[in-house]
4 protein chains.
Amino acid sequence: MKKLKYGLVGGGPGSFIGVAHRKAINIDGMAELVAGCFSRTVEKCKSTGEELGIDPERCYASYEEMAKKESEREDGIDFVVITTPNVSHFAIAKAFLKAGINVSCEKPLCLTIEEADEIEKLVNETGLLFLVTYTYVGHVTAKHIREYIRSGKLGKIRAVVGEYPQGWLAYEGENGGKQGAWRCDPSQSGGTNCLGDLGTHVENAVSIMTGLKIKRVLAKMDVVVPGRVLDDNDYVMVEFEGGATGLYWTSQIAIGHDNDLQIRIYGEKGSIEWRQTECEKVTMISTDGTISELHRGNPGIEENAAKYGRLPSGHTEGWLESMGNLYRSFINCINKKAEGEFTEEMIDYPTIKDGVEGVKFLHACIESSKKGNIWVEI
Amino acid sequence: MKKLKYGLVGGGPGSFIGVAHRKAINIDGMAELVAGCFSRTVEKCKSTGEELGIDPERCYASYEEMAKKESEREDGIDFVVITTPNVSHFAIAKAFLKAGINVSCEKPLCLTIEEADEIEKLVNETGLLFLVTYTYVGHVTAKHIREYIRSGKLGKIRAVVGEYPQGWLAYEGENGGKQGAWRCDPSQSGGTNCLGDLGTHVENAVSIMTGLKIKRVLAKMDVVVPGRVLDDNDYVMVEFEGGATGLYWTSQIAIGHDNDLQIRIYGEKGSIEWRQTECEKVTMISTDGTISELHRGNPGIEENAAKYGRLPSGHTEGWLESMGNLYRSFINCINKKAEGEFTEEMIDYPTIKDGVEGVKFLHACIESSKKGNIWVEI
Amino acid sequence: MKKLKYGLVGGGPGSFIGVAHRKAINIDGMAELVAGCFSRTVEKCKSTGEELGIDPERCYASYEEMAKKESEREDGIDFVVITTPNVSHFAIAKAFLKAGINVSCEKPLCLTIEEADEIEKLVNETGLLFLVTYTYVGHVTAKHIREYIRSGKLGKIRAVVGEYPQGWLAYEGENGGKQGAWRCDPSQSGGTNCLGDLGTHVENAVSIMTGLKIKRVLAKMDVVVPGRVLDDNDYVMVEFEGGATGLYWTSQIAIGHDNDLQIRIYGEKGSIEWRQTECEKVTMISTDGTISELHRGNPGIEENAAKYGRLPSGHTEGWLESMGNLYRSFINCINKKAEGEFTEEMIDYPTIKDGVEGVKFLHACIESSKKGNIWVEI
Amino acid sequence: MKKLKYGLVGGGPGSFIGVAHRKAINIDGMAELVAGCFSRTVEKCKSTGEELGIDPERCYASYEEMAKKESEREDGIDFVVITTPNVSHFAIAKAFLKAGINVSCEKPLCLTIEEADEIEKLVNETGLLFLVTYTYVGHVTAKHIREYIRSGKLGKIRAVVGEYPQGWLAYEGENGGKQGAWRCDPSQSGGTNCLGDLGTHVENAVSIMTGLKIKRVLAKMDVVVPGRVLDDNDYVMVEFEGGATGLYWTSQIAIGHDNDLQIRIYGEKGSIEWRQTECEKVTMISTDGTISELHRGNPGIEENAAKYGRLPSGHTEGWLESMGNLYRSFINCINKKAEGEFTEEMIDYPTIKDGVEGVKFLHACIESSKKGNIWVEI
């Protein structure tokens, strides 16, 4: 397979997620970083570029310039990775799509439903590939759950309990440094902080694992820490098409939780439990009550999931490998497209559709919460 | 301390909870079973009595007779234990209170708020002692949490996440044998099955551990298994006085969960996690994120909780010991009263007040759910 | 079944294990304490007797008197429970056996192999029943493991890894109060402290669960805390008849371990893990690597084990219930004997044979350790 | 920092560990693969090279040629990575050291003590850097334990219990595919299979975490599965200089264990538990018995360990990151040397010394086992 070239928007000094994308792509060595607009000033951008060994000519002062120049080059980037705060996802994604460049974009996709629809329209028109990096669904065990449920082994899904508590924003007078500052600032993150950052992962993981579509939501989004403007603790009741229900909880004030995304799925024929902090295992409960723990790499893992493993079972893979799995399929699709062999079935990563659904979920929740916790259809 | 005499209503063949009360009281040997109305027929009742070595004269055909006769005896029972289905709690409790006999009653206290108020009035008028056997709050670790929070070590409580999933009623065409039959029958269990059986424990455990009072609830009580009339999966949002919030989930369709009551409490200064299936430990998380596990018997356990332990740490105590702890205080109070040394501060068990609160919680939830999941004040 | 009468030697003020036996027997109400020699002075003994409601006439100044008087009474005790320090087990057991009274005795059975052989001879001659209270094998999950292995489901056993670490004697200048004082005193506990107190449980649990007989041992018994005379940290290699091997570790200096008996068994067809601190579950691993957790009360528990459960799964049973299970069978056998219906197959508790094996194991280890860690045949 | 160039010996089709090294080095992008001798035939070697985008000229038919040619190039490799079966480590390492090229070599270092001594001599003479890839000690939590113990917080170490069970070779007639075949073949792996593959990790992890030096060992190395020549289940007693003791267990027949390296360390002032399968956390137990769980990324992690983390706590890092941490320091040292700024204190990876110690440990164990499980000095 051809080694691709990619560019990065965001990922300057102090960035968490931009650096993470680079390392995740590195693991399998399937694409090489060759261009970037890492920071808002040219100097900072070139300095980061130098550290990373990027041709200074391809360290751009603006994403608009980057999109334009890269699309004009013979050896231009095959895809761009967008890792800026939420507020700018829309404009940047649009610029690169218009320049004919495939896009990988952090979640949530953008701020409004209108923006989301516009990006989706553009993706459909251009036929470009679009990855929304909901990292957690990349893990082998998450894919196993999807395959297992698809095959009918859990029967009809009845209830889903999802949670994603963190504790890093529990303290008054603190906003979690650079990472917290923009998340708590409505002008950068949109109308939600906690639900937008964490709830969108719960929504997506449930959607991808179970295939269920949300019909309506009832949300209670609270601001707990004094002085904060946006939500930091959220409860959501969910009704899915077909009759299943869900209960989601996300929090940034749950001291002691680092990053505890957990999904529990209850079907007619059994249950499944999954925690991202213990992502090397999945717990499957059968109707006789026996609780079985399956590890990535064990024979019981579904084939379409197992194939993503890099190491034998017991040699732990983690967060970077999960993200790497999303890129593995994304890069494979880009390559196949170039070779004229691409089909939709090859897509094994969250697409623009998932991104749009995420934005719609958030806006239904915001509306529900504002109107006094009533049901809002999606 | 004087060994007391007690009688049992319920607890005939096939009973779970009646037998459990007997064994729990046995452990510490503080009271002796001397009378009973174990079943609805005299024959069955006498047969159980014979097995238990009860004087046949004190095996009664009806609870009315039992209340009357026992109150007339010189050596009559010091307290009665009510372990029948919910529907009869009210009448039985009333009969014994009117006969001047202290009462221990299973939860939920009774079916309606009117009944609950009437029992409370009777308790206040007679000055008798009334224990509602919310078993789980009897455990040393549950008491530790209460003491720890009371002392202010967790700061202001912000959020409480409680759950109590079971899986035994997940199957269509089955209703869990004798135990399930009456719980799923509105005529015996009242307007709720799952929330009444399990949610009332969540409500009580949170109330006793945190001291928080519920202001209003928003509940979604669903019937999941086809053919069932009463709820078997419930979601409840809670607002407490003072600003804290809660999210409760109870279920009988969560395959793989035997009996998983779990309470997580998030305060300004830390968090606490507690699961009744691992009731020998409590997990305390401090503001620096360190997760500390404390075992019953360890030096860190609060004194007013630790004193209830019977065995050194690592020698597991369980459900019967938890219930035994409730009885230990209840029996102590009865004895102290007889000696004229009783004060309210001696009460360390759930009282009629907790029972009444439980019934009000259930009815607010039922109303909320019926009206389309709106907020209902308590 | 007839309610039996029993007497207690030991169990005075400050006692742990004597009180524990009483509570364990209480749970099921199958026997009643009616006599005792609780302490070494008459006053203390009578004072304990008064607290427990024992007829002062049956509070004896010496166990010799107790054995004599009780054997002469029409309504004398059906069995005696011996809970004194190791040094006196032999003489007390002998006295009661000679008086024709069944015996329940704490482990280790006695100090020397000669003593052990003499007690066994006496048991065989008198035909009396003799329970050695290795508490942990009483648990339902321990019995499940025994039945599972007996049925051949694990195949031939290949290796057993057992451990029993505690931390309470880790501190210099402290000897764990009254409980530690006699254990660390060679004149009261015999030639070993830690291995005698804990290793004997590992040896017995492995023996009962697997049915394996030890051929030879190689032991390293160390005194770690300065100032101590007896071992407080022990390693033992074991060879069983038939080719399986074992590795045992016991310790009292392992800070953080309350009482962590753990047995792991590896067979041709799978593995089993069991920890007494989580005695409500057993972990079974099949050849495909799937790790299954089974809870007491689940359908998968072997019938001959499951029948000992008192509560539904998820309603935790613990240490007292485990000990209670030993007494349940012991008391049943005594009753059956009285009715002339007793057969050896009814015995489901550790007998004099287990007690003798335990003493032999300890002495082989002591010899091995003294001679520089060489193999010693049993 | 300069991006280095490296070559790989081993890592052809079907290889596990060669591929793993490549991915581990990739993560941080600090070195680039430019040369290799991937397989024993030129064709296979060139084919792997093509897949990896290596210049065909630098795909060598033999490691001798590779060492020679690369050392002659202006742009020759900065270091070589040796990932072949144990038997060839010695000759390959020697060839590259003699060619003046830094070496990273898989464990165990080589087959005999003579070989080990010769490599060490060569390293000392050439002054080249030598990494032995004991992967597990690279993890942040492992480094934390080392720093914590070094700082005296655990007091004097008293006992260490280490284990590394696997189950993949439990089955008769199977030898675990290509990976198992050479490990079970004395001509390729030396005089030990299981202890050489796994025990060497236990020995090294304990050595690096605690700083303890082994004085003597007593080993029992068993062949359990019929038809096998080399050990597949091993027990080792250890005495360290200064009085601490250890007990190690390694196994390949422990069904259900994927790869369960676990180290437990008991000191005067507390204890530490660490499992590589849960390498994101470390459990620290203080003298009051409180069990504290610390996560990578939490404030309590020692600074010299924490700095290796790439992601915020709760975003799991795993095995590749652990190995990557070894390379991070190794590559840094090579760079610093080139810049003339290198000092010994910069070394934060297992060196030739650790490799030699590992070989000596294995040979002492083999001698002990052959002579009937006697103590053998190291």
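The values are calculated or read from the model by the stated rules, or taken from the named source; none is laboratory data. As the structure is a computational prediction, the values presented were derived from the model and not from experiment. Glycine gets a Cβ as well: all are built from the backbone with ideal geometry, and neighbour counts include every protein chain shown. Keep in mind that these areas ignore ligands, DNA and RNA; they rest on the heavy atoms of the full protein, side chains included. Shrake-Rupley method; radii C 1.70, N 1.55, O 1.52, S 1.80 Å.
Give me the inter-chain shielding for B:244-254: mean count of other chain Cβ atoms within 10 Å, whole number please.
Details: counts 2, 5, 1, 11, 1, 5, 0, 5, 0, 6, 7.
Counting Cβ atoms of other protein chains within 10 Å of each residue's Cβ and averaging gives 4.
Compute the relative contact order of the stretch D:259-378 as a whole-number percentage, counting only Cα pairs closer than 8 Å that sit 6 or more residues apart in sequence.
Working: 111 pairs, mean separation 13.4, N = 120.
Answer for the stretch D:259-378 is 11 percent.
So what is the diffusion coefficient of the protein assembly as shown in µm² per second by Stokes-Einstein at 37 °C and 0.692 mPa s, using a Kirkwood Rh over Cα pairs? Mind dumping the intermediate values first?
Values: Rh = 34.9 Å.
The estimated diffusion coefficient comes to 94 µm²/s.
Please work out the Kirkwood hydrodynamic radius for chain D, using every pair of different C-alpha atoms, and report it in angstroms with one decimal place. Please report the intermediate quantities before stating the final value.
Numbers: mean 1/r = 0.0471 Å⁻¹.
Here the Kirkwood hydrodynamic radius works out to 21.2 Å.
Within the stretch C:154-208, report the GluC sites (Glu not before Pro) that DSSP leaves as loop and that have at most 12 other Cβ atoms within 10 Å. Let's see the in-between values first.
Details: sites: C:E163, C:E172, C:E174, C:E203; in loops: C:E172, C:E174.
For GluC sites (Glu not before Pro) across the stretch C:154-208 that sit outside H, G, I, E and B with at most 12 neighbouring Cβ atoms in 10 Å, the list reads C:E172, C:E174.
What FRET efficiency would be calculated for the residue pair A:K178, B:E341, taking the C-beta separation as r and a Förster radius of 60 Å, to the nearest 0.05?
Details: r = 63 Å, r/R0 = 1.05.
For R0 = 60 Å, the calculated efficiency reads 0.45.
Against the 2.2 N^0.38 Å scaling, with N counting residues, where does the stretch C:169-328 land? I'd like the Cα-based Rg ratio to two decimal places. Mind dumping the intermediate values first?
Numbers: Rg = 17.9 Å, N = 160, 2.2 N^0.38 = 15.1 Å.
The reported ratio for this selection is 1.18.
Taking the alpha-carbon centroid of each part, what is the distance from the stretch D:310-378 to the stretch B:283-323 in angstrom?
Using only Cα atoms, the two centres lie 40 Å from each other.
Tell me the relative contact order for chain D as a rounded percent, counting alpha carbon contacts under 8 Å between residues six or more apart. All intermediate terms of the calculation are to be shown ahead of the outcome.
On the way: 830 pairs, mean separation 72.9, N = 378.
With pairs under 8 Å counted, the relative contact order is 19 percent.
I need the inter-copy label distances for B:E303: point set 7 Å along Cα to C-beta, values in nm with one decimal, smallest first.
4.1, 5.4, 6.7
How many Å² of accessible area per residue for the stretch D:199-324, probe 1.4 Å? Mind dumping the intermediate values first?
On the way: 3240 Å² over 126 residues.
Accessible area per residue, the stretch D:199-324: 26 Å².
How far, in whole Å, is the closest Cβ of chain C from the axis that maps C onto A, and which residue does it belong to?
Axis-proximal residue of C, distance in whole Å: C:S292, 2.
Using each residue's phi in the stretch B:152-160, evaluate 6.51 cos²θ - 1.76 cosθ + 1.60 at θ = phi - 60° and report the 3J(HN,Hα) Karplus result to the nearest Hz, with x for Gly and Pro.
x, 5, 9, x, 5, 6, 10, 8, 10
Quick one: check the C-alpha center-to-center distance for the stretch A:234-258 versus the stretch B:151-229, whole angstrom.
If we compute the Cα centre of each part, the gap is 18 Å.
Using the membrane-span-like helix rule (whole DSSP H runs, Cα extent along the own axis of at least 24 Å, mean Kyte-Doolittle hydropathy at least 0.0), which helices of chain A qualify? Display every interim value, and only then the final one.
Values: long enough: A:319-338 (29 Å, -0.24); A:352-370 (27 Å, 0.03).
Those that pass (Cα extent of 24 Å or more, hydropathy at least 0.0) are A:352-370.
Could you give the dipole magnitude of the stretch C:213-367 about its Cα centre, charging the beta-carbon of Lys and Arg +1 and that of Asp and Glu -1, in debye to the nearest 20? Before the final figure, lay out the partial values.
Values: 17 positive and 26 negative charges, 35 e Å.
Taking the Cα centre of the stretch C:213-367 as origin, the dipole is about 160 debye.
Taking each residue in B:102-109, count the Cβ atoms of any other chain within 10 Å of its Cβ, then average. What number comes out? Mind showing how you got there, number by number?
Details: counts 0, 0, 0, 0, 0, 0, 0, 0.
Average per residue, whole number: 0.
Taking only the alpha-carbon positions of the stretch C:111-214 and ignoring solvent, what does the Debye formula give for the base-10 log of I(q)/I(0) at q = 0.14, 0.16 Å⁻¹?
-0.78, -0.95
Between D:G177 and the same site in the other copies, what are the distances in nm, shortest first, taking label points 7 Å from Cα along the C-beta direction?
Shortest to longest, the spacings are 4.0, 4.6, 5.6 nm.
About its Cα centre, how strong a charge dipole does the stretch C:1-72 have in debye, to the nearest 20, once Lys and Arg get +1 and Asp and Glu get -1 at the Cβ?
Result for the stretch C:1-72 is approximately 180 debye, rounded to the nearest 20.
Would you mind pulling out the separation of the Cα centroids of the stretch B:22-72 and the stretch D:92-132, in Å?
After rounding, the separation between the Cα centres reads 84 Å.
Peptide C:256-263: average number of partner chain Cβ atoms within 10 Å per residue? Before the final figure, lay out each step's value.
Working: counts 18, 8, 12, 8, 1, 1, 0, 0.
Rounded to a whole number, the mean comes out at 6.
Sorted from shortest, what are the nm distances separating the label point of C:E50 from equivalent points in the other copies, each placed 7 Å from Cα along Cα to C-beta?
4.2, 9.1, 9.9
With N residues in the stretch C:128-185, what two-decimal value do you get for its Cα radius of gyration over 2.2 N^0.38 Å? Please report the intermediate quantities before stating the final value.
Working: Rg = 17.7 Å, N = 58, 2.2 N^0.38 = 10.3 Å.
Dividing the Cα Rg of the stretch C:128-185 by 2.2 N^0.38 Å gives 1.72.
Can you pull out the chymotrypsin sites (Phe, Trp or Tyr not before Pro) in the stretch A:150-192 that DSSP calls coil and that have at most 16 other Cβ atoms within 10 Å? If you can, show how the numbers build up before the last one.
Working: sites: A:W168, A:Y171, A:W182; in loops: A:W168, A:Y171.
Hits after loop and neighbour filter: A:Y171.
Explain nothing, just the number: dipole magnitude of the protein assembly as shown about its Cα centre with +1 on each Lys and Arg Cβ and -1 on each Asp and Glu Cβ, in debye rounded to the nearest 20. Each step should come with its number before you reach the end.
Working: 172 positive and 220 negative charges, 0 e Å.
Approximately 0 debye in magnitude.
For the pairs B:K107/B:K220; A:K143/A:K215; B:K269/D:K281; A:K220/B:K215; A:K23/A:K178; B:K5/C:K46, note any where the Cα-Cα span goes beyond 18 Å.
Details: B:K107/B:K220 21 Å; A:K143/A:K215 24 Å; B:K269/D:K281 22 Å; A:K220/B:K215 15 Å; A:K23/A:K178 21 Å; B:K5/C:K46 24 Å.
In this structure, B:K107/B:K220; A:K143/A:K215; B:K269/D:K281; A:K23/A:K178; B:K5/C:K46 exceed 18 Å between Cα atoms.
Report the D-B buried area as the accessible area lost on both sides summed, probe 1.4 Å, in Å² to the nearest 100. List each step's numbers first, then the result.
Numbers: alone 15920 and 15910 Å², together 31100 Å².
Interface between D and B: roughly 700 Å².
Near D:E344, within a Cβ-to-Cβ distance under 12 Å, what is the net charge of the other residues, with Lys and Arg +1 and Asp and Glu -1? Display every interim value, and only then the final one.
On the way: positive: D:K336, D:K337, D:K353; negative: D:E345, D:D348.
Cβ neighbours under 12 Å give a net charge of +1.
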